[in-house]
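Report on the following structure.
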Amino acid sequence: MSTFASLEEALKHFFGYDSFRPGQKKIIEAALKNRDLLTIMPTGGGKSLCFQLPALLRKGITIVVSPLIALMQDQVDALQDNGINATYLNSTLRNDELKSRQIAILKNQIKLLYLAPERLLNEKFSLFLEKVVNSVGISAIAIDEAHCVSEWGHDFRPEYSNLKLLRQSYPQIPIQALTATATKRVQQDIIQQLNLRSPDVHVASFDRTNLHYEVQTKDRNIYRKLLRAIRAESGAGIVYCLSRRSVEEVATRLQYDGVDALPYHAGLSDRERSNNQTSFLRDDVQIIVATIAFGMGINKPDVRFVFHYDLPRSIESFYQESGRAGRDGEPSKSILFFSLGDRQKIEFLIKQKPDHNEQKIALQQLRQVINYAEGNDCRRTIILRYFGERYRGNCGKCDNCLNPKPIEDWTVEAQKFLSCVARCQEKFGINHIVDVLIGSRKQKIFQYGHHLLSTYGIGKGRTADEWRMLGRSLVHQGLVGQTTDGYPILKLNKRSWEIFRNQLVVKIAVNQHQTKTSATYNPRKAEAELLFEKLRKLRKQIADHNSLAPYMIFADSSLKLMAQIRPQTLTDFAKLSGVNEYKAHQYGDSFISAIREFTEQHKLPVNLPSKSQMTTLQLHQQGLSVVEIAKQRGFAVSTINSHLSELIEMKQPVALNKLVKAERQKIIIKTIEQVGDMSLKTIKDALGDSYSYNEIKLVRGWWRSQK
Ligand code: ADP
Ligand code: ZN
């Protein structure tokens with residue numbers, strides 16, 4: 001630690017990054033205090049760094065237990081490509097390789113050692129570890145994919161349950177468990193199974209802020225739609241299908257249409273599967289068309305989109321699958337293609353299950369996915385509610401938020417709906433409540449005597465679909481509770497009662513599709529994209545030459561920075577986020593030459609944003625608010641706001657509409673046209689108190705950029 005003034009400096013030195021992702025710093029600080037830790041972060045949250053950086057700052061070696069042998073090589077390659085001494089020991093190595101690696105470990109030449117769980121506890125290996133403890137020392141044991149110790153999890157592994165013994169064998173060594181699992185029960189179980197000592201528990205939000213969510217209806221032209229969607233993207237993507245047959249069919253059609261695509265499913269030989277996976281990792285093909293068998297063991301951080309050609313089985317699996325996009329934090333897309341036909345197909349499949357309980361669970365999960373697909377509310381809100389998180393809504397990064405359906409006040413309808421829930425004794429789900437409201441003559445209604453309720457038929461003014469839409473929206477907004485074990489039953493909650501008492505207005509988004517497009521041409525952006533493509537090709541060449549995956553050379557985010565900042569010297573190049581000295585030395589020259597060539601060829605000016613402004617821009621593009629950026633970077637809000645207004649003035653791609661409402665922009669612009677743009681105070685005086693300096697600055701930036 002002593003050689004670095006701050007953790008940020010160490011981060012830059014070892015990994016080249018400028019700032020920590022949310023939570024990382026706190027976790028690393030606790031690790032450095034030798035605390036036991038439980039870290040829960042969604043995929044792409046940046047878990048590895050939470051044990052890797054402490055490992056490099058402490059004496060001795062850190063052991064990383066991971067169940068995925070196939071991934072070890074990747075992780076170690078990526079570390080070595082940063083100039084970090086890491087290695088792994090597993091069953092894929094020859095004896096002499098094992099030996100020489102063990103010698104390197106005992107000579108204190110290794111900081112991070114990756115191991116499969118079965119090895120850690122084998123007797124012979126224990127003797128070796130004993131030697132390590134007594135010579136170089138073990139600073140910590142990190143247990144990746146820690147949910148594998150829990151039988152409650154979705155991926156229990158018997159060999160993980162032996163990890164219980166670790167605490168006994170090495171009582172002094174701190175243990176750091178990491179997982180992306182969301183359920184509380186598994187989290188508790190991990191603490192218990194691993195016998196963690198008053199662990200520092202960090203649970204991150206499950207919001208994947210850089211993902212854009214969208215649902216498209218599936219009709220007869222579905223394949224054309226898919227093709228169009230793929231052609232609109234440039235990076236790597238995964239298309240998930242339900243069956244092997246549709247995987248083959250879609251992959252073949254895509255190939256026929258000139259898209260680089262390969263299939264992946266359980267029907268292929270091991271060899272074909274592994275070859276196709278490697279081609280995808282190395283960017284030899286753009287698209288992998290796969291059943292859900294694909295993705296568990298792969299760690300490709302620069303997947304730019306995941307499309308679901310068929311309906312996923314549950315929100316949880318949808319979240320995990322779509323979450324394979326954008327692990328590197330760069331903007332990425334999820335599109336779900338949905339049709340009622342799919343729903344019937346899956347319902348039919350579920351009804352074939354022999355076990356009644358399994359059927360019930362599967363149907364409930366299907367219902368939740370359909371709620372997501374048919375919902376009019378912010379998709380992010382719907383997903384996060386499933387994980388028990390309340391999200392403020394209006395994310396600006398899903399189709400429902402970008403093309404909002406008109407919002408209407410449905411307080412009275414909500415009161416009718418909720419009083420019907422009350423009259424039915426809080427024992428029924430949405431469909432039954434709707435049946436009562438519209439005065440249905442279904443047998444079930446009479447059977448329960450619900451035709452005698454005062455709410456029977458009071459909802460005839462609206463269709464069943466409209467009532468269902470209201471019901472779904474009430475659930476998504478948390479205005480009524482819904483049981484999650486077995487059949488979903490509606491339960492009134494505190495907020496439902498506030499609605500009864502007219503203390504809460506119910507607004508819902510109603511169906512009535514109208515699309516608005518807002519694609520404006522931005523010359524700066526177009527240039528940066530061109531250069532980005534050029535740099536990507538260069539990266540691919542260098543990666544092939546070194547037999548590495550391209551993302552290991554530089555992350556997409558670093559290439560983007562290169563394309564936007566266009567550094568002309570090695571010093572400037574090394575300052576970019578994602579570039580440390582080691583990498584600057586390895587690859588700097590080739591990239592700088594390419595950048596210079598491009599700059600000259602296109603006769604570009606060199607008046608460009610500063611590095612700090614670019615960091616702000618990057619965080620802004622990842623969806624963080626001004627306040628969040630300020631907090632993360634340790635700057636004042638006004639500083640970040642200035643960055644953004646200057647970036648806007650330089651025509652950099654800042655989403656002004658997300659920062660200042662369009663109608664307010666109009667009024668500010670009008671005022672600037674009247675009083676001039678020189679003095680902010682003059683503009684503010686003319687506008688009055690309801691406008692802030694921050695807003696005015698941003699809009700003035702735009703106004704100036706138009707000159
Ligand atoms: P997880 O294991 O939580 O899915 P990883 O540890 O694989 O996530 O990290 C995901 C990606 O984010 C990796 O490509 C990693 O290099 C990158 N990353 C991690 N921390 C940072 C950071 N502070 N700044 C920029 N990129 C980061
Ligand atoms: Zn949204």
Legend entry - ³J(HN,Hα), Karplus 6.51/-1.76/1.60, whole Hz, each residue of the stretch 258-270, x for Gly, Pro: x, 9, 6, 9, 10, x, 8, 7, 5, x, 7, 5, 3
Inset, instruction - Whole Å is fine, so just give me how far the alpha carbon centre of the stretch 665-683 lies from that of the stretch 286-305. - result: 50
Legend entry - the stretch 407-509 - charge dipole about Cα centre, Lys and Arg +1 at Cβ, Asp and Glu -1, debye rounded to 20: 220
Legend entry - Set Lys416/Lys444; Lys124/Lys164; Lys658/Lys697; Lys25/Lys661; Lys611/Lys651 screened for pairs whose C-alpha atoms are more than 23 Å apart: Lys25/Lys661
Legend entry - Rounded Å value of the spacing that divides the Cα centres of the stretch 14-65 and the stretch 345-370: 40
Legend entry - Footprinting exposure proxy for Thr599, Thr217 (fewest neighbouring C-beta atoms within 10 Å first): Thr217, Thr599
Inset, instruction - Determine the gain in length on full extension of the stretch Asn195-Gln415; use 0.36 nm per residue of separation and subtract their C-alpha separation, reporting nm with one decimal. - result: 74.3 nm
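List the GluC sites (Glu not before Pro) within the stretch 396-446 that DSSP assigns to loop and that have no more than 16 neighbouring Cβ atoms inside 10 Å. Could the numbers behind the result be given before it?
Numbers: sites: Glu408, Glu413, Glu426; in loops: Glu426.
Loop-located and lightly packed - Glu426.
Antiparallel versus total DSSP beta bridges in the chain: what percent is that, nearest 5?
Details: 5 of 54 bridges.
Once the DSSP bridges in the chain are tallied, antiparallel ones form about 10 percent.
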Legend entry - Label-to-label distance, nm, for residues given as Asn493 and Asp572 (7 Å Cα→Cβ offset): 5.2
Inset, instruction - Determine the distance separating the Cα centre of the stretch 249-279 from the Cα centre of the stretch 542-559; give it in Å without decimals. - result: 23
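Can you give the charge dipole size of the chain about its Cα centre, rounded to the nearest 20 debye, using +1 on the beta carbon of Lys and Arg and -1 on the beta carbon of Asp and Glu? Could the numbers behind the result be given before it?
On the way: 99 positive and 74 negative charges, 289 e Å.
Its charge dipole is roughly 1380 debye.
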Inset, instruction - Report, by chain and number, residues whose modeled amide H sits under 5 Å from the one on His212, excluding near sequence neighbours (fewer than 5 apart, same chain). - result: Ser332, Lys333, Ser334
Legend entry - Helix-only [θ]222 nm of the chain, DSSP H runs n ≥ 4, -39500 (n - 2.57) each, per residue, nearest 500: -15000 deg cm²/dmol
Inset, instruction - Could you line up His202, His451 from fewest to most neighbouring Cβ atoms inside 10 Å? - result: His451, His202
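Peptides 18-25, 456-463: what's the order by average Cβ count within 10 Å, highest mean first? Could you put the intermediate results ahead of the total?
Values: 18-25: 19.6, 456-463: 15.1.
Those peptides, ordered most packed to least, come out 18-25, 456-463.
Once R0 is set to 25 Å, what does the formula 1/(1 + (r/R0)^6) return for the Cβ-Cβ distance between Lys631 and Glu29, expressed as a FRET efficiency to the nearest 0.05? Spell out each step's value before the answer.
Details: r = 16 Å, r/R0 = 0.66.
Efficiency at R0 = 25 Å is approximately 0.90.
To make sure I understand, if each residue's beta carbon is the centre and we count other beta carbons within 10 Å, what order do Tyr256, Tyr114 fall in, fewest to most?
On the way: Tyr256 9, Tyr114 24.
Taking fewest neighbouring Cβ atoms as first place, the list is Tyr256, Tyr114.
Which FRET efficiency, nearest 0.05, do Ala5 and Gln344 yield, Cβ-Cβ r, R0 51 Å?
On the way: r = 63 Å, r/R0 = 1.23.
It comes out at approximately 0.25.
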Inset, instruction - Please go through the residue pairs Lys218/Lys525; Lys405/Lys494; Lys12/Lys184; Lys300/Lys560; Lys26/Lys534 and name each one whose alpha carbons sit more than 29 Å apart in this structure. - result: Lys218/Lys525; Lys12/Lys184; Lys26/Lys534
Inset, instruction - Taking the dipole about the Cα centre of the stretch 211-402, with the C-beta of Lys and Arg at +1 and of Asp and Glu at -1, give me whichever of Tyr256, Leu281, Cys378 is farthest to the positive side. - result: Cys378
Inset, instruction - Tabulate in residue order the Karplus-calculated ³J(HN,Hα) for the stretch 221-237, using 6.51 cos²θ - 1.76 cosθ + 1.60 with θ = phi - 60°, rounded to whole Hz; enter x for Gly and Pro. - result: 8, 3, 4, 4, 4, 4, 4, 4, 4, 5, 5, 7, 9, 10, x, 6, x
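Here, each number is a calculation from the coordinates, and none is a lab measurement. Since the model is a prediction, treat every value here as computed from it, not as a measurement. For neighbour counting, all protein chains shown are included, and Cβ atoms are generated from backbone atoms with ideal geometry for every residue, glycine included.
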